[in-house]
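Report on one structure; see the data block that follows.
What follows is calculated from the coordinates using simple rules that are stated; it is not laboratory data. Predicted model only: the values in this text are computed from it and were never measured. No Cβ is skipped: glycine too gets one built from the backbone with ideal geometry, and neighbour counts run over all protein chains shown.
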Amino acid sequence: MTNPTPESETSWTRDHRRQWRDCLYVYPVVSRRARGLSIGVNLNPDKHCTFACVYCQVDRGVVRDLHHVDVECIRRELRLALYEAATGELWREERFADTPETLRRINDIAFSGDGEPTLVPELDHAVRAARDVRTELNRPDVKLVVITNASALDQPPFQRALPILMKDNGEIWAKLDAGTETMFHAINRPFPRITLRHVLGNIVAVARRMPVVIQTLWMRWEGHAPVAAEVDAYIDNVRHIRQAGGQIKLVQLHTVARMPACPQASALPIEALDAVATKLRAALGDVDVETFRG
């Protein structure tokens, strides 16, 4: 499945600012991948991350002190955002006013922002707060999503949050951008020492317990598209997750959509993205694969 072309997009798809009103953590966005409203929770205003991906729009050169997360503030901001969306007040704002009716549905509360949410010690408390607010407003249909680079899924913050996600309509959207260690280090630029093998192992361990969504960004680097051998190695990695007992709910293939920190990174033509999707569908058979234009 290929999603809408750039020509059909308006401000509702392009505006993914992580600032809404005077909120510190919460930012609603209309998301093509969520097919509706995603209420984002940015647990990393300090930009703390284990990757410095070349395509990321966040400038990792700016160093900030580690941020202590105020869970009660998150609770208040989520209550406001979910209420405004549920009552329709959100759609009166200029930023959201031209959103199509079909996308005026609340899909999820997503932990995603300027860094890696699974590094935050308070992650489980934040996930629990999101679950509680959802219950207060009687919206059990709203999913709880953790969008992650999968480098720290084996660490205590995420391990404490995982049972909540498994029980309460949660999803894990895990990044997998490479087929080889060489490409992984060139594109994702992990630090400290993290390997692609470690990331794959983390995804497998979680996917054995609950279905995961795999998110992959393909791009041109210094004008060059990924070579066929890299694409094949990537497909082998996705196949490995399933062969190891992992459950894959969906694979999302996308490309550069906003100005990256590294200008050498640029969008891959949709024809090339579709070609990867075709090969992946042939290899996986019954797993849904979606592509999203830049």
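Mind checking Rg over Rh on the range 232-294, alpha carbons, Kirkwood formula for Rh?
Using only Cα positions, Rg/Rh for the range 232-294 is 1.03.
By how many degrees, between 0 and 90 and to the nearest 10, does the Cα long axis of helix 123-136 differ from the longest principal axis of the chain?
Helix 123-136 sits roughly 50 degrees off the main axis of the chain.
Measuring from centroid to centroid over Cα atoms, what is the spacing of the range 21-52 and the range 63-98 in Å?
10
If I measure Cβ to Cβ between cysteines in the chain, which ones have no partner under 4.7 Å?
For the chain, the answer is CYS23, CYS49, CYS73, CYS262, because their Cβ atoms have no other cysteine Cβ under 4.7 Å.
With the convex hull built on the Cα atoms of the range 6-292, state its orientation-averaged projected area in nm². Kindly include the intermediate steps, with their values, before the conclusion.
Numbers: hull surface 57.4 nm².
Spelled out: convex hull of the Cα atoms, projected over all directions, averaged, 14.3 nm².
So how tilted is helix 71-87 from the main axis of the chain? Cα-based, degrees 0 to 90, rounded to 10.
Its long axis makes an angle of about 80 degrees.
Of LYS143/LYS167; LYS175/LYS249; LYS47/LYS143; LYS143/LYS175; LYS167/LYS249, which sit over 23 Å apart, Cα to Cα?
Correct reply: LYS47/LYS143.
Helix 270-284 versus the longest principal axis of the chain: what angle, 0 to 90°, nearest 10, using Cα atoms?
Here the helix axis deviates by roughly 80 degrees.
In terms of modelled amide H atoms, which long-range or inter-chain residues lie less than 5 Å from the amide H of GLN215?
ALA174, LYS175, LEU176, GLN252
Please report the spacing between the Cα centers of the range 185-221 and the range 245-294 in Å, no decimals.
14
Tell me which trypsin sites (Lys or Arg not before Pro) from the range 206-294 have a DSSP coil assignment and no more than 13 other beta carbons within 10 Å of their own.
ARG208, ARG258
With viscosity set to 1.567 mPa s and temperature to 4 °C, compute the Stokes-Einstein D of the range 50-189, Rh being the Kirkwood radius across alpha carbon pairs; µm²/s, no decimals.
On the way: Rh = 16.8 Å.
D = 77 µm²/s.
Kindly rank 121-131, 106-116 from highest to lowest mean number of other beta carbons found within 10 Å of each residue.
Averaged packing, sorted descending, gives the order 106-116, 121-131.
Using only the alpha carbons of the range 204-251, what is the convex hull's orientation-averaged projected area in square nanometres?
3.6
If you put +1 on each Lys and Arg Cβ and -1 on each Asp and Glu Cβ, how big is the dipole of the chain around its Cα centre, in Debye rounded to 20?
Dipole about the Cα centre, nearest 20: 460 debye.
Say the dipole of the chain comes from +1 at the beta carbon of Lys and Arg and -1 at that of Asp and Glu; which of VAL142, LEU103, TRP218 then lies farthest toward its positive end?
Going by the Cα projections, it comes out as VAL142.
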